[in-house]
Structure formats: structure tokens, C-alpha cells
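Novice: The structure that follows is given in the form of C-alpha cells.
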Amino acid sequence: MDVIQFQEYGSWHDSLTKNDLNVAAQNLEQGKVLYFPALSFELQDTEDRLLSPDCLKPPSKNISFDFRSGILKGSMHESPLALNLIEMLKRFSEHSLKLIEGVLPHYCSQLSVGRTSYRPAEISGRTSSYRKDDTRLHVDAFPSAPNQGHRILRVFSNINPHGQSRVWRLGEPFEEVARQFLPRIRKPLFGSSALLKALNITKSRRTPYDHYMLRMHDLMKGDLDYQIKAHQCVFQFPPNSTWIVMTDHVSHAAMAGQYVLEQTFYLPVSGMLNENLSPLRILERMTGCNLV
Ligand SMILES: O=C(O)CCC(=O)C(=O)O
Ligand SMILES: [Fe+2]
């Protein structure tokens, strides 16, 4: 099973027993989703009005907030709801950090907090370029924000008020994905990472690791045969549930659903229990090169 369930975990301030702490971290690092069916993110009265796709500024698919810069992206700017949105995202971010403290406490000293996002649009039927199409199986890699080998750890909560689940497909283990796609990827061109940085296409240096991850992301999404034939299963996350997943490692696709909150964290591989399980170390073994 690709998902491991923590049935009893019902509050953002809970913590796991010592035994479950090991179970959680080991399973997460092996590419499983940690699923909390009873952990729900409660909206406050004034926040019900945020449950509308109208808060999105087209063509954005998400609203995101970065606490380091204070920048809110993707929302109707002039909207008086902006402050409300920031409040909700801030609370979700704090709750997510509490959840990580309770479930994966040994990550906390090395964890950095990334963006918080709100996804108020229905996913199914949405059109976009194939690269941006998250209904296709992929591992996460961000073109303009190289993560230089850091793990992408994400917390999701389904806050749908109409009983609608977030429907995901979960694909093959990372090694299997890499075995199929790595041979199709050329080495990065000499000097390309400095050029991308100089042209401001990337915010920091795109390392060889970022190059391979991004190409894998694109090749997976572009290969329709692979999308159908890859070993996979469907999992539905119902309203009022929460899940944690390392999306750089777990092949995933979001097929349907509306109204989800998400918090991104970054973790250096040295913060893991077993860094040999990271995409960075797996790709380094497979290519025989240092990639960051
Ligand atoms: O919105 C979702 O349910 C997940 C979409 C996705 O692929 C991602 O955020 O990495
Ligand atoms: Fe993704």
C-alpha cells in the first residue's frame, strides 16, 4: 500500500508515540504518503466566503503566500478578501509546522518553510500546457526555483465543504521512474546553469540534480503511454482529512477535487534518517556523478 494511515491523530497539537514516530519517518522516506483521516483544518466563520474559485486571479491555478517576502500571488488583488486569505494561509502554515513537530520532530532543526498555497479551483476538466498539467503522473521539480537536492515535503488538507474528495493517482517507486527516464536525459550543457541564473530564469543555480529532476518531470508528463501503463493506484482523500508527502520522490497526479490547502517545506538530505533513500542520492548512484 502506498498510503499509511494514522487513524487516531485528530488534533494539530497531537504527537505520535515513540513507536509510531519511527513508522512515520521510515515510511515517508521510503516514498509512502502519511495519511491523517481525522485531522481536519477548521475554517473560521468569516472564511466561508473564501470557498469560491472567484478569489483566483486568472490564469493562476493557485493562490500562494510567502511569509518571508509577504507576497500574496494569484488572488484578486483589489479584493478585500486578501487579508482574510492571508490569515487563513498563516493559520494553515502554523498548523502544518505543529503537525511536522508532532509527526517528524527530528526534521525540525533543519527544516525550512516554503510557500503556503490555497487551491480553490476544480482540477478535473481544467486545461493547461502538459508541463503544468498536474493530472499527469509526475515528481515535483520547479523550473524557476531550483531546490539543489533539498527534499520537498508537503502537507495537504482537503477543506471541501460539499463532500468532494481530492482524488490522486500514485505511481511507481522513484527508482523505477528513474530507471525508465534517466537514459532519455542528456547531461546538462556546460555553462547552462550560470546562463539561466544570469538571465533571471532561475532564482538560484540550477544544479545537475535540478536538471535531471526537471527533465524527468517533463518527460513523465509528456509520455501519454507511460501515464496509462505505469503501475499505479487511485487514492481519495476525503474532506476534513490531511496528508504529508515528499512530492519530489512520490510519483503523483491530482485528478479531481476543489478547495485544498498546502504547505511546502524543504529539508536538506542530511536531515533525513536515511539520506540514501533521497532522489539526490539515488540519481547520484545511477549517474555515477555528484549532482549538487
Ligand atoms: O493539488 C493537488 O492535489 C496536488 C497537485 C500537485 O501535483 C502538487 O501540488 O505537487
Ligand atoms: Fe505535484
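The values are calculated or read from the model by the stated rules, or taken from the named source; none is laboratory data. Every value quoted in this text rests on a predicted model; they were computed, and no experiment measured them. Don't worry about glycine lacking a Cβ; one is built from the backbone with ideal geometry, like all the others, and counts go over all protein chains shown. Heavy atoms of the whole protein, side chains included, go into the accessibility calculation; ligands, DNA and RNA do not. Shrake-Rupley method; radii C 1.70, N 1.55, O 1.52, S 1.80 Å.
Novice: Please verify whether the stretch 218-228 includes one or more residues that are among the hydroxyl-bearing types (Ser, Thr, Tyr) and open to solvent by 30 Å² or more (accessible area, probe 1.4 Å). Let's see the steps before the verdict.
Specialist: First, the residues of the stretch 218-228 that are among the hydroxyl-bearing types (Ser, Thr, Tyr): 226.
The next check asks that each one be open to solvent by 30 Å² or more (accessible area, probe 1.4 Å); those that pass are none.
Within the stretch 218-228, none of the residues are among the hydroxyl-bearing types (Ser, Thr, Tyr) and open to solvent by 30 Å² or more (accessible area, probe 1.4 Å).
Novice: How about the stretch 238-258: which of its residues are near ligand 1 (Cβ under 10 Å from one of its atoms) and either surrounded by fewer than 19 Cβ atoms within 10 Å (Cβ to Cβ) or not polar (S, T, N, Q) (or both)?
Specialist: Scanning the stretch 238-258 gives 243, 245, 248, 250, 252, 253, 254, 255, 256, 257.
Novice: I would also like to ask the following. Can you name every residue in the stretch 168-177 that is assigned to a loop (DSSP other than H, G, I, E, B) and of a type outside the set (D, E, K, R)?
Specialist: Once the filter is applied, which keeps residues that are assigned to a loop (DSSP other than H, G, I, E, B) and of a type outside the set (D, E, K, R), the stretch 168-177 yields 171, 173.
Novice: Please enumerate the residues belonging to the stretch 49-107 that are open to solvent by 30 Å² or more (accessible area, probe 1.4 Å) and β-branched (Val, Ile, Thr).
Specialist: Those that are open to solvent by 30 Å² or more (accessible area, probe 1.4 Å) and β-branched (Val, Ile, Thr): 71, 86.
Novice: Only residues that are in contact with a Gly (Cβ under 8 Å, 6 or more places away or on another chain) and modelled with pLDDT under 95: list them for the stretch 23-60, please.
Specialist: Answer for the stretch 23-60, where residues must be in contact with a Gly (Cβ under 8 Å, 6 or more places away or on another chain) and modelled with pLDDT under 95: 56, 57, 60.
Per-residue answers, yes or no, for (1) open to solvent by 10 Å² or more (accessible area, probe 1.4 Å); (2) in contact with an Asp or Glu (Cβ under 8 Å, 6 or more places away or on another chain); (3) under 20 Å from residue 219 (Cα atoms); (4) within 16 Å of ligand 2 (Cβ to nearest atom):
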{"position": "147", "(1), (2), (3), (4)": "yes, yes, yes, yes"}
{"position": "151", "(1), (2), (3), (4)": "no, yes, no, yes"}
{"position": "182", "(1), (2), (3), (4)": "yes, no, yes, no"}
{"position": "186", "(1), (2), (3), (4)": "yes, no, yes, no"}
{"position": "192", "(1), (2), (3), (4)": "yes, no, yes, no"}
{"position": "199", "(1), (2), (3), (4)": "yes, no, no, no"}
{"position": "204", "(1), (2), (3), (4)": "yes, no, no, no"}
